[in-house]
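Worksheet: the structure to be examined is printed underneath.
Readers should treat all values here as calculations from the given coordinates under stated rules, not as data from a laboratory. Owing to the predicted nature of the structure, the values given are computational and were not obtained by experimental measurement. Using ideal geometry, Cβ is built from the backbone for each residue, glycine included, and neighbour counts are taken over all protein chains shown.
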Amino acid sequence: MPLIPWDSFRNTDLWRRDLEKIFNEGLPEIGARLGFATPRIDVFENEHEVIASCEIPGLDKKEDLHIDVDENMLTISGTIKQANEVKQEQIHRKERFVGRFQRSVSLPSRVQTEGTTATYRSGVLEVRMPKLKADTQRQIDVQFH
C-alpha cells in the first residue's frame, strides 16, 4: 500500500471552498431580495495571466462599474439601473436584479495592476490580469568569521 504524505491544511482548504460555494451559489437569491447581489464569476489562469469572467447583465455605461485589483484580490462592484419605470402595482413578476452589487474573490496568483484590461460584452465582463513575475532566486554568500 503506497504512503500518501499528510497535508494538515487540506481539510481547511476543502472547508473554505465549501463555504465559498454556499455563499456564492446559495445566497445570491437572498441577497437580491435584500437589495444587493453577488454576480457569478469564473476565475482561471494560463501561463502568463489570470482571467476572470463575470456575468453582469444590464449595465448601461462604464461609470456604473468599478474594478479594483490588488496583487491577489479582485473586487468588482457597481450599479444596475432599472431600464424603464414601472409602477409597483403593474408588476406581476420581478426576477431581474436592479441595484448595487459587489463581488470580491481571491486570485490563484499574484497579479500586476499595470497591463490589466477589462472588456464588457453581451452582459459578460472579462478581466485579464498579467501575473506578477516571480522574484528571481539568487544565492546568498555566507560570511564566516
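Between Asn11 and Glu95, the C-beta separation translates, for a Förster distance of 35 Å, into a calculated FRET efficiency of about 0.40. Within the shell defined by Cβ-Cβ distances under 10 Å, the residues around Val50 carry a net charge of +1, with Lys and Arg each +1 and Asp and Glu each -1.
For segment 34-77 and segment 96-119, what is the centre-to-centre distance using only Cα atoms, to the nearest Å? Each part reduced to its Cα centre gives a spacing of 3 Å.
Give me Met73, Met129 sorted ascending by neighbouring Cβ count inside 10 Å, so fewest comes first.
Numbers: Met73 13, Met129 26.
Least crowded to most crowded, the residues run Met73, Met129.
For Asn84 and Gln112, FRET efficiency with R0 = 30 Å and r from the beta-carbon atoms, rounded to 0.05? After rounding to 0.05, the efficiency reads 0.15.
Bridgeable lysines around Lys81 (alpha carbons under 26 Å apart, same-chain partners fewer than 8 residues away excluded): Lys61, Lys62, Lys94.
Please go through segment 56-141 and write out the GluC sites (Glu not before Pro) that DSSP classes as loop and that have at most 15 other C-beta atoms within 10 Å. Could the numbers behind the result be given before it?
On the way: sites: Glu63, Glu71, Glu85, Glu89, Glu95, Glu114, Glu126; in loops: Glu71, Glu85, Glu95, Glu114.
Passing sites in segment 56-141 are Glu71, Glu85, Glu95, Glu114.
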